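Visitor: I have a structure I would like to understand better, so I am pasting it below and will then ask my questions one at a time.
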Amino acid sequence: GKHRIVIPCLGHFKEEYEKVSKQYMNNKIRTTKYTLWNFLPRNLFEQFHRVANLYFLFLVVLNWVPLVEAFQKEITMLPLVAVLTIIAVKDGLEDYSKYKMDKQINNLLTKVYSR
């Protein structure tokens, strides 16, 4: 028949449990888009796929050319920085709420059917 091996994650069995558990995938849910390490680059990458943000970036770069300079350089950057900051905060808060929900779901007690 079929056999099942159960190795507790306690005391002196911990090393054996870690060896065996690496062979299997976990079933944790992860719906978040970002991590702490990739939030800033990934968020900026996504934001600059929007045409409006590229337009404002073009104006900022164009304003750094001395012949074309229409406004002060800092004033031209303000709308772009404001929009990028507001959207980054919004995305970060949404992702954090997803993280909390994932953590709550992953820590639920489950019942396992066994004959």
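The values are calculated or read from the model by the stated rules, or taken from the named source; none is laboratory data. The model shown is predicted, which means the values in this text are computed figures rather than measured ones. Here the Cβ positions follow ideal geometry from the backbone for every residue, glycine too, while neighbour counts run over all protein chains shown. For accessibility, only protein heavy atoms count, side chains too; no ligands or nucleic acids. Shrake-Rupley method; radii C 1.70, N 1.55, O 1.52, S 1.80 Å.
Visitor: For the list (1) more than 30 Å from TYR55 (Cβ to Cβ); (2) modelled with pLDDT of 95 or more, I need the number of the one condition that ARG115 fails.
Guide: (2)
Visitor: Another question, then. Being open to solvent by 100 Å² or more (accessible area, probe 1.4 Å) and either assigned to a loop (DSSP other than H, G, I, E, B) or over 21 Å from PHE39 (Cβ atoms) (or both) is the filter here, so list the residues in region 75-87 that pass it.
Guide: Hit for region 75-87 is LEU78, nothing else.
Visitor: If I go through region 55-74 residue by residue, how many of them are assigned to a loop (DSSP other than H, G, I, E, B) and surrounded by 11 or more Cβ atoms within 10 Å (Cβ to Cβ)?
Guide: Counting residues in region 55-74 that are assigned to a loop (DSSP other than H, G, I, E, B) and surrounded by 11 or more Cβ atoms within 10 Å (Cβ to Cβ) gives 3.
Visitor: Can you tell me which residue within region 16-39, out of those that are surrounded by 11 or more Cβ atoms within 10 Å (Cβ to Cβ) and without any contact (Cβ under 8 Å) to a residue 40 or more places away in the chain, is farthest from LEU84 (Cα to Cα)?
Guide: Top of the filtered list is GLU16.
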